[in-house]
1. Tally Lys and Arg at +1 and Asp and Glu at -1 over the other residues with C-beta under 13 Å from the C-beta of Ser186: what net charge comes out?
2. For the stretch 74-127, I need the span (max minus min coordinate) of the C-alpha atoms along each principal axis, in Å, sorted largest to smallest.
3. Provide the per-residue ³J(HN,Hα) series for the stretch 155-166, in order, calculated from phi with Karplus coefficients 6.51, -1.76, 1.60 and θ = phi - 60°, each as a whole number of Hz, with x at glycine and proline positions.
4. According to a simple spin-label model (label point 7 Å from Cα along Cα-to-Cβ), what is the distance in nm between Phe193 and Val66?
Amino acid sequence: MNASGEVAAATIAAPEGPVVPSTGARAPAVEVVTAKKVRHDWYLGFAFGLGGGNLRAKGTGTGPGVALTGLLRAGGRLSDKIALGGLGVTSFGGDKTALVGFSNLLAEGLFFPIKGRGLGLSLGLGLSSAWVRVPGNDGMLIDKQTKFGAAFGLGVGHDFWLARRFNLGLWLRADGSAGGFGVRASGTLGLAFSWF
């Protein structure tokens with residue numbers, strides 16, 4: 001090519017208009033999704049329920065009647081399906097003559113057989129304090145008898161996620177005390193509030 005051709009090639013103007021960036025291959029976009037149902041390494045919860053049991057006073061004995069149950073639990077997760085912790089349960093009933101009940105302190109295992117689902121099972125063993133409280137002269141309840149023994153607790157329920165780490169559960173429980181008063185037990189259906 002001659003010198004005039006080289007000059008002509010060098011003087012070709014760039015096309016007018018906006019510069020369009022290259023549309024070569026790009027890395028795909030990454031979509032981040034927040035988990036809706038999460039059980040973390042620790043948990044804390046409480047529950048209350050209503051049912052029946054042999055917690056109706058007849059002197060210092062018991063008979064069938066209404067039972068109220070309250071519990072507190074805390075612990076840690078071993079895996080997606082197993083958690084271990086401590087459980088405190090109080091269940092009581094009675095009539096006009098006395099309030100009868102028991103308070104249990106248990107080691108509790110929580111089992112979630114279906115990963116990512118709310119079905120749960122609870123098993124607890126520990127120590128119990130069974131008691132009878134009667135009205136004093138001023139009408140206030142006073143401790144008449146307290147006896148100690150073994151404690152057990154069983155539960156089956158379902159947790160419904162209301163937030164990422166908070167669930168509301170519907171649980172059926174059986175709790176009992178085996179000690180100086182014999183076996184005292186209650187079966188209750190209640191609500192459980194849990195933070196994982």
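1. Working: positive: Arg56, Arg173, Arg184; negative: Asp175.
Once all neighbours under 13 Å are counted, the net charge is +2.
2. So the three principal-axis extents are 48, 21, 14 Å.
3. Result, ordered by residue: x, 9, x, 9, 9, 10, 6, 9, 8, 4, 10, 10 Hz.
4. Result: 2.2 nm between the two label points.
Coordinate-derived values only; no laboratory data. Since this is a predicted model, take the numbers as computed values, not measurements. Counting neighbours? That spans all protein chains shown, and the Cβs are built from the backbone with ideal geometry, glycine included.
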